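Structure first, then comments.
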Amino acid sequence: MNQYQIIEGDQTVYRDGTIKLHGPAGFEGMRKAGRLAAEILDELTAFVRPGVTTGAIDDKVREMTLDAGAVPATLGYRGYAHSCCTSINHVICHGIPGDKALKEGDIVNVDVTPLVDGWHGDTSRMFFAGEPSLKARKLVDVTYECLMLGIEAASRPGARLGDIGAAIEAHANQFRYGVVREFCGHGVGRLFHDAPEVVHAAKAGTGPELKPGMFFTIEPMINAGKPWGKVLGDGWTAVTRDKSLSAQFEHSIGITENGVEIFTKSPKGLDKPPY
Ligand code: MF3
Ligand code: CO
Ligand code: CO
């Protein structure tokens, strides 16, 4: 079986395990979706502060998405009823927005995925509510470095999927941080979550070869303590087992002939805090 599938024009795609290889139309679609996703996070930089509730962040994300003529892909996704995920402190990912207000010193990840003309722009960043501890800042800095080192590994000629996780894990290990294994990056495009699964801890030189036209996310979740997580009774919120802080950044990228295009880069250079 061929694990790759060349996508032409408007053809319908399925979650059939194949890795899709897109052409110029796909790049154009992802560029637009990724740009809106990044602009939404840019807007949040001035909004996220102590006292703001995660529900208010969610309202803002929904309004901005709808105003732009797009739809939040998470709304109604597998029963999820919100427009973003808001993951505070020891929450690894999939924190559900609600009436909880941010406290001074909290770190929070906001993960958005506007669906623009059928394309998913999936990205997340960390935000600071006031002044976080030195420990929290260090974790956030290193997590951003992990994402960018993963992207760099993907942009090398002849790179394989495992090179990404190898680069991320090697960097996290230097700080004795734990790389979360239970959640992964993923193929993205007309489908929200598609093949391949992009693990953030892996062996270099393993996995499928990266080919021009592949679209996927890299979204490392890094814990200040052990890598282990668990999902709370709400069925979504993933937290660290040891209650240690967790951070995450996510970009949607496309493999090109000579490297990588980052679809979700901030047009304003607001890719990481402090903003
Ligand atoms: N945006 C998340 C990701 O990076 C997925 C969130 S799905 C939700 O893949 F339902 F929890 F919103
Ligand atoms: Co994602
Ligand atoms: Co996401």
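When restricted to Cα atoms, region 183-246 yields an Rg and a Dmax of 14.3, 41 Å, respectively. The solvent-accessible area of ASP10, taken with every protein chain present and a 1.4 Å probe, is close to 130 Å². Here region 219-275 is treated as an ellipsoid with the same Cα gyration tensor; its semi-axes, largest first and in whole Å, are 29, 15, 11. Taking the inverse of the mean reciprocal distance over all distinct Cα pairs, the Kirkwood hydrodynamic radius of region 77-218 comes to 16.3 Å.
At 0.36 nm per residue, minus the direct Cα-Cα distance, what do GLU28 and GLU43 gain on full extension? Give it in nm, one decimal, please. Walk me through the numbers before you get to the answer.
Numbers: separation 15, 0.36 × 15 = 5.40 nm, distance 2.29 nm.
Full extension of this stretch gives 3.1 nm more.
What the chain shows is 43 Å² of accessible area per residue, with the surface traced by a 1.4 Å probe over protein heavy atoms.
If the segment from TYR14 to GLU182 were pulled out straight at 0.36 nm per residue, it would be longer than the present Cα-Cα gap by 58.1 nm.
Largest first, the residues VAL199, VAL13 sort by 1.4 Å accessible area into VAL199, VAL13. According to the Kirkwood relation over distinct C-alpha pairs, the hydrodynamic radius of the chain is 18.4 Å. Convex hull of alpha carbon positions in region 1-158: directionally averaged projected area 11.1 nm².
Solvent-accessible area assigned to carbon and sulfur over the chain amounts to 51 percent, based on a 1.4 Å probe. For region 104-195, relative contact order (Cα pairs under 8 Å, six or more residues apart, normalised by length) works out to 24 percent. Across region 29-36, coupling constants 3J(HN,Hα) worked out from phi with the 6.51/-1.76/1.60 Karplus curve, θ = phi - 60°, read x, 6, 4, 5, 5, x, 5, 4 Hz, and Gly and Pro carry x. Partners of LYS268 within straight-line reach, counting aspartates and glutamates whose Cα lies under 13 Å from its Cα and excluding those fewer than 8 residues away in the same chain: GLU39, ASP42, GLU43. Ordering ASP163, ASP106, ASP234, ASP99 by accessible surface, largest first, gives ASP99, ASP234, ASP163, ASP106; the 1.4 Å probe counts only protein heavy atoms, with every chain in place. Comparing Cα centroids, region 38-104 and region 138-171 end up 26 angstrom apart. Of all lysines in the structure, the ones whose alpha carbon falls short of 25 Å from that of LYS243, not counting any fewer than 8 places away in one chain, are LYS100, LYS103, LYS135, LYS138, LYS226, LYS230, LYS272. Placing pseudo-labels 7 Å out from each Cα toward the beta carbon at TYR80 and GLU104 gives an inter-label distance of 3.3 nm. Each of GLU63 and VAL231 was given a label point 7 Å from its Cα along the Cα-to-Cβ line. The distance between the two points is 3.2 nm. GLU8 sits with roughly 130 Å² accessible to a 1.4 Å probe, with DNA, RNA and ligands left out of the calculation. Amide hydrogen proximity for VAL71: with H placed 1.01 Å from N in the peptide plane, the residues at 5 or more positions away or on another chain lying under 5 Å are LEU115. Segment ASP242..GLU197, full-extension length gain: 13.6 nm, with 0.36 nm per residue of separation and the alpha-carbon distance subtracted.
Exposure check, 1.4 Å probe, all protein chains in place: ARG15 carries approximately 150 Å² of accessible surface.
The values are calculated or read from the model by the stated rules, or taken from the named source; none is laboratory data. Being a predicted model, the structure only gives us computed values, none of them experimental. FYI the Cβ positions are ideal-geometry reconstructions off the backbone, even for glycines, and counts take in every protein chain you see. Please note that ligands, DNA and RNA were not included when accessible areas were found on the heavy atoms of the full protein model with its side chains. Shrake-Rupley method; radii C 1.70, N 1.55, O 1.52, S 1.80 Å.
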